Amino acid sequence: MNLTWHIVKKDLRALKWPLLVWALIVAFKLGVGATLLTADGTEDQEWFLRLNLLAKLLAGLEGMCFVLVAALIHEDRLVGTTAFWMTRPISGARLLGAKLLGLGLVFWLGPVLVSLPWWLWCGYGWPEIGWAAAELVAIQTIFMLVGLLWAVVTDGYARFLMWTLVMIVAVLVAGVLIGQHFTRTDASVSSEVATSRITVILALAVAGIGSVVAHQFLTRRLGRSIALIGATVGLIVMTALWWPWDLRIEARWLAYQESRVEEKWAESSAPAGLTFSLSGAEFRQQPPGSKAGRPLWLRTTYRVDGLPEATALKPYVANYSLRWPDGASRAGWSAIRPGKNSSHLVEVKAVGRTVASVPEAEENAGSDLIRVEQSVPAATAARLLSAPAAYTLKARFWLMTVESVESVPLHAGPAIASGNQSERIAHVEKEGDQLLVTFVRRSPALAVDSMLGARNYILGAGMAMAQPFAQYLLVNRARDFAGRGSALWTTHTRIGTVDITWQTMAYRVTRNPAGRRPTMEAINALNEAQLVRVNLRESARFTQELKTDALQVEVGKP
């Protein structure tokens, strides 16, 4: 063990300056994120985009760590007969263990320690830090594997970089050729089989690289190692073209996601008197020129009656299933888009009225309209159009009420945190007859939450979805007016598993025709108005299972 640590320390000393520069690049990238979150808001969209580009450039330089992998391996080369370690009592297995330990310290532990202050500062708890660290380690492992593959079979940087470039070009060309093959033969592959193929390809790539690395360290037989690379490439190509089996990867992942939701969302029934009725179902027609065989969006619309007074529905997450009499089925996640009841509730509360006192509210009192959308494969859509299926939607909802309405000072303020999300007003400025307000928001952006269409549900990490439950409006009570404003520009960036959003909203009390100069009346109306924050709170949460024995679907507009 002492000899192993001696090799590790020798490698770290030899590469201390390149490793230090690499760690500074990682820290500098996170520093860009901190700058975006703490800026005073006077900066324009171009400033944000420049910093975003800088962050992407730094992330690209961070990905160049595979060159450092080659540097570490080439400290004790495996190709040729002049390496110094071969004259010492060091076995290939011991050298492999030392190199893997050094790689783990540098490319796993190092980046996690550098990123830890960033995650803590962004409000991550230990579960989120664990998932963020796992994502970071997974990304670093990909670069490490690429570096290891060519570092163990080359004797210098020139050949290492050449074969790495050849591999990148070969992967791109192979992808294009395989895509052309499927287009030319009009072969259709179900999403389940496609997911299985991708999984098997990744497993083959990892196993192949691992075999080459272990074989070269233990035997230093370069010819056999090259043969292993060729065999792995052949298996990957054959899998991409002809793998026929569904390994039920999607089904297992869906079941896992469902189990995580159930852990965080206890079964509870809807409030008494609340009913859901199906109003219709349609497929959104593909725009002209769309490629045949693309998935279609199935949209179902439900009318909700019996909502308690001064409440509104807010969806959490839903999953659907389709089942035909012959046993064929399809399942997946759904996106729910609520009607305007919540927006209307916020507006009337902001100007100090009751819902019942609003004439237009009486017509739709106690009702709402929700639209549910889910992407289904083209083959499933064609079958559903020809043969109705039993449709089940399991949806979770919050029942929301207004907790408070508070005036917001017209200047920058501190961040308001809600779990691992935060929001702050960075800048407020009056410009003619409009109020410009710049918001800066952050939220988790974990890759596990985006897998297989589960984006924004935060299922993989098992976290309850943190919600600000607040809306900002410009209110002029003398004119009985509450406006939500319109977004002048919105930009996003992702830095260190954190999503950062900058948004500038323009609020007006009166709506002048486009191109007209501000009037004194509009400016005075703005001066009389105030910016308010309407805070919503959860009064109840429930799960609603909606079933339809035979779903009839039409083809709607694009």
Study note, to complete from the structure: Flagged in segment 151-194 as farther than 15 Å from I229 by Cβ and among the hydroxyl-bearing types (S, T, Y), in numbering order, are Y157, T183, T185, S188, S190, S191
Study note, to complete from the structure: Only one of (1) of a type outside the set (A, V, I, L, M, F, W, C); (2) over 30 Å from the mean Cα position of the chain (by Cα); (3) closer than 23 Å to T141 by Cα does not apply to G208, and that is (2)
Revision key, fill the gap. Reported set for segment 68-94 where residues are touching a Gly at 6+ places or on another chain (Cβ under 7 Å) and over 15 Å from V8 (Cα atoms) is none
Exercise for review: Would you point out the residue of segment 312-335, among those that are modelled with pLDDT of 85 or more and either among the basic types (K, R) or in a loop (DSSP other than H, G, I, E, B) (or both), that is nearest to S191 (Cα to Cα)?
Suggested key: R330
Point to revise | All positions within segment 35-61 that are in contact (Cβ under 8 Å) with a residue 24 or more places away in the chain, assigned to a loop (DSSP other than H, G, I, E, B) and either among the charged types (D, E, K, R) or touching a helix residue (DSSP H, G or I) at 6+ places or on another chain (Cβ under 9 Å) (or both) | key: A39, D40
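Only one residue in L3, L53, L20 is surrounded by 13 or more Cβ atoms within 10 Å (Cβ to Cβ) and either more than 24 Å from W489 (Cβ to Cβ) or not β-branched (V, I, T) (or both), so which one is that? Outline the logic, then answer.
Values: L53 fails: surrounded by 13 or more Cβ atoms within 10 Å (Cβ to Cβ); L20 fails: surrounded by 13 or more Cβ atoms within 10 Å (Cβ to Cβ).
Exactly one residue qualifies, and that residue is L3.
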Check your understanding: Out of all the residues in segment 268-309, which are among the small types (G, A, S), touching a strand residue (DSSP E or B) at 6+ places or on another chain (Cβ under 7 Å) and modelled with pLDDT of 80 or more?
Key -> S277, S279, G280, A281, G306
Review point. Which one of the conditions (1) of a type in the set (F, W, Y); (2) modelled with pLDDT of 85 or more; (3) surrounded by fewer than 17 Cβ atoms within 10 Å (Cβ to Cβ) does F542 fail to meet, given that it meets all the rest?
Key: (3)
Point to revise | Scope segment 367-403; condition small (G, A, S) and closer than 23 Å to A310 by Cβ; matching residues | key: S367, A395
Point to revise | Near pairs, Cβ below 6 angstrom, 6+ apart or cross-chain, from segment 12-33 (in the same structural domain as P111 (by TED's automatic domain parsing)) to any residue that is surrounded by fewer than 16 Cβ atoms within 10 Å (Cβ to Cβ) and not β-branched (V, I, T) | key: I25/L61; V32/L54
Review point. G483 fails exactly one of the following numbered conditions: (1) under 21 Å from the mean Cα position of the chain (by Cα); (2) at pLDDT 85 or above; (3) crowded, with 16+ Cβ neighbours inside 10 Å; (4) of a type outside the set (A, V, I, L, M). What is the number of that condition?
Key: (1)
Practice item. Go through segment 387-405 residue by residue and tally those that are surrounded by 15 or more Cβ atoms within 10 Å (Cβ to Cβ) and part of a loop (DSSP other than H, G, I, E, B). Key: 1
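How about segment 406-456: which of its residues are at pLDDT 80 or above, of a type in the set (D, E, K, R) and crowded, with 17+ Cβ neighbours inside 10 Å? Break it down into steps so the answer makes sense when it comes.
Residues of segment 406-456 at pLDDT 80 or above: 406-417, 421-445.
From what's left, of a type in the set (D, E, K, R): 406, 423-424, 429-431, 433, 441-442.
If the condition is that a residue be at pLDDT 80 or above, of a type in the set (D, E, K, R) and crowded, with 17+ Cβ neighbours inside 10 Å, then E423, R424, D433, R441, R442 are the ones that fit.
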Review point. Among the residues of segment 348-380 satisfying the criterion of being closer than 26 Å to V509 by Cα, assigned to a helix (DSSP H, G or I) and small (G, A, S), which is modelled with the lowest pLDDT?
Key: A361
Review point. Does R383 count as within 30 Å of the chain's Cα centre (by Cα), basic (K, R) and modelled with pLDDT of 80 or more?
Key: no
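For segment 249-265, indicate whether the set of residues that are touching a Ser or Thr at 6+ places or on another chain (Cβ under 6 Å) and either not acidic (D, E) or not in a loop (DSSP other than H, G, I, E, B) (or both) is non-empty. Full working, then the answer.
Taking segment 249-265 as the starting set, the residues that turn out to be touching a Ser or Thr at 6+ places or on another chain (Cβ under 6 Å) are 249-250.
Cutting the leftovers down to either not acidic (D, E) or not in a loop (DSSP other than H, G, I, E, B) (or both) gives us 249-250.
Yes, that holds for at least one residue.
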Check your understanding: Only one of S196, S277, S269 is touching a helix residue (DSSP H, G or I) at 6+ places or on another chain (Cβ under 9 Å) and hydroxyl-bearing (S, T, Y); which?
Key -> S196
Review point. When segment 232-267 is examined, which residues are found to be at pLDDT below 75, buried (at least 17 other Cβ atoms within 10 Å of the Cβ) and over 30 Å from Q552 (Cα atoms)?
Key: R260
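Residues that are buried (at least 19 other Cβ atoms within 10 Å of the Cβ) and either within 30 Å of G130 (Cα to Cα) or in contact with a helix residue (DSSP H, G or I) (Cβ under 7 Å, 6 or more places away or on another chain) (or both): does segment 88-95 have at least one? Give the derivation first.
First, pick out the residues of segment 88-95 that are buried (at least 19 other Cβ atoms within 10 Å of the Cβ): 95.
Checking the rest, the ones that are also either within 30 Å of G130 (Cα to Cα) or in contact with a helix residue (DSSP H, G or I) (Cβ under 7 Å, 6 or more places away or on another chain) (or both) come to 95.
Looking through segment 88-95, at least one residue is buried (at least 19 other Cβ atoms within 10 Å of the Cβ) and either within 30 Å of G130 (Cα to Cα) or in contact with a helix residue (DSSP H, G or I) (Cβ under 7 Å, 6 or more places away or on another chain) (or both).
Assess whether V193 counts as being assigned to a helix (DSSP H, G or I) and in the same structural domain as K9 (by TED's automatic domain parsing).
Working: assigned to a helix (DSSP H, G or I): yes; in the same structural domain as K9 (by TED's automatic domain parsing): no.
No, not satisfied.
The values are calculated or read from the model by the stated rules, or taken from the named source; none is laboratory data. Quick caveat: nothing in here was measured; it's all calculated off a predicted structure. Heads up, the Cβs are rebuilt from the backbone with ideal geometry, glycines too, and the neighbour counts pull from every protein chain shown.
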